[in-house]
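Heads up: the structure comes next, in structure tokens.
Please treat every number below as a calculation from the coordinates, not as lab data. Just so we're clear, the structure is a prediction, and the values are computed from it rather than from any experiment. Quick reminder, even Gly has a Cβ in these numbers, built from the backbone with ideal geometry, and neighbours come from all protein chains shown.
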Amino acid sequence: MSVIAIYRQPDGSKSKIRQMDAVRNAREASVGTTGETLAPWWHTALVLTALGVLSVAAGYQRGVPNAHIPGLNSKLSGYLTIFVAEWLLVLLIWLALRRRGLTIGSLVSGRWETLGGFLKDLGLAVGFVVAIIAIEQGLSVLLHANSDTGLERIMPTTALELAVYLIAAATGGFCEELIFRGYLMQQFSAWTGSSAAGLISQGILFGLGHAYYGWKLMLIIMLHGSLLGLLTYWRKSLRPAMLAHGLQNVLGGVVAFISGV
């Protein structure tokens, strides 16, 4: 018996609504499989081109992409530029999902139904952040990657900068996970027929997107992105990775602000 047939009711309008819901639920359940793409190749090429432009702009400006918004200092302008750019990419992905009858929630793979579910993902996120900070610090020392990376030029030094930074950092965790561990990992997994290939590919792209920090940190960020992908693949959801990414972004800004970096 088909999924739609189960919902046939005498009332035509109610039947149609339930049919649509059933089809949508069936489509959402297929998201995350290696055989299902989210968008055509040209859409992914457009997303990658936008990411490439942002990376080149960041490298040229030795920090983050900056539209030099009138009336704002360089840091505030940079925060708002990356905030808008990332949300425009999320909009582009949402439009592709919408054409297939999918939602952002289907890409995130679920929502927290209970406090216990949220606390579980939060615990995973905190554990991930602790582990990744230790790994990154160790690799930075090993690779002598603690030289001038441009990080100090983008960290907040005033209360207003900190407030805007925290908003951009927190939402950046959501946006970047949706883009890399959600959309791109699914696309490459579907095209190659391999979850491992999709995971590694998005990690490489994530590192290349931060190439303006220098090649040593870029390699570390590639590993970071791959580990976030592994967390997402294992949990079958973007939720813990989004929490971990946002938490690490926020902690980095707060620590830099307090220490006066």
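So, by mean Cβ neighbours within 10 angstrom, what's the order for 45-56, 81-92, 164-175, 179-190 with the highest one leading? All intermediate terms of the calculation are to be shown ahead of the outcome.
Numbers: 45-56: 15.1, 81-92: 17.7, 164-175: 20.3, 179-190: 24.7.
In descending order of packing, they fall as 179-190, 164-175, 81-92, 45-56.
Just the C-alpha atoms of the stretch 184-242: what Rg/Rh do they give, with Rh taken as the Kirkwood radius? Don't skip to the end; give the middle numbers.
On the way: Rg = 11.4 Å, Rh = 11.4 Å.
Using only Cα positions, Rg/Rh for the stretch 184-242 is 1.00.
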- With each pseudo-label sitting 7 Å past Cα toward Cβ, what's the E152-I104 distance in nm, one decimal? 3.7 nm
- Query: Considering the dipole of the stretch 61-163 built from charges on the beta carbon (Lys and Arg +1, Asp and Glu -1) around the Cα centre, which of L91, I132, S74 is farthest to its positive end?
  - Reply: L91
- Within the stretch 50-72, whose backbone N sits under 13 Å from a point 7 Å along Cα→Cβ of L160? 70-72
- Task: Over the stretch 41-259, calculate the relative contact order: mean separation of alpha carbon pairs under 8 Å at least 6 apart, over the residue count, as a percent.
- Result: 28 percent
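Quote the FRET efficiency, to the nearest 0.05, computed for S74 versus R235 with a Förster distance R0 of 45 Å and r equal to the Cβ-Cβ distance. Could the numbers behind the result be given before it?
Numbers: r = 38 Å, r/R0 = 0.84.
According to the calculation, E is roughly 0.75.
Over all directions, the average projected area of the alpha-carbon convex hull for the stretch 41-259 comes to how many nm²? All intermediate terms of the calculation are to be shown ahead of the outcome.
Values: hull surface 50.3 nm².
Its Cα hull, projected and averaged over all orientations, spans 12.6 nm².
If each residue of separation counts as 0.36 nm, what is the full-extension length gain between A170 and V53 once their alpha-carbon separation is subtracted?
Values: separation 117, 0.36 × 117 = 42.12 nm, distance 2.24 nm.
In short, 39.9 nm is gained.
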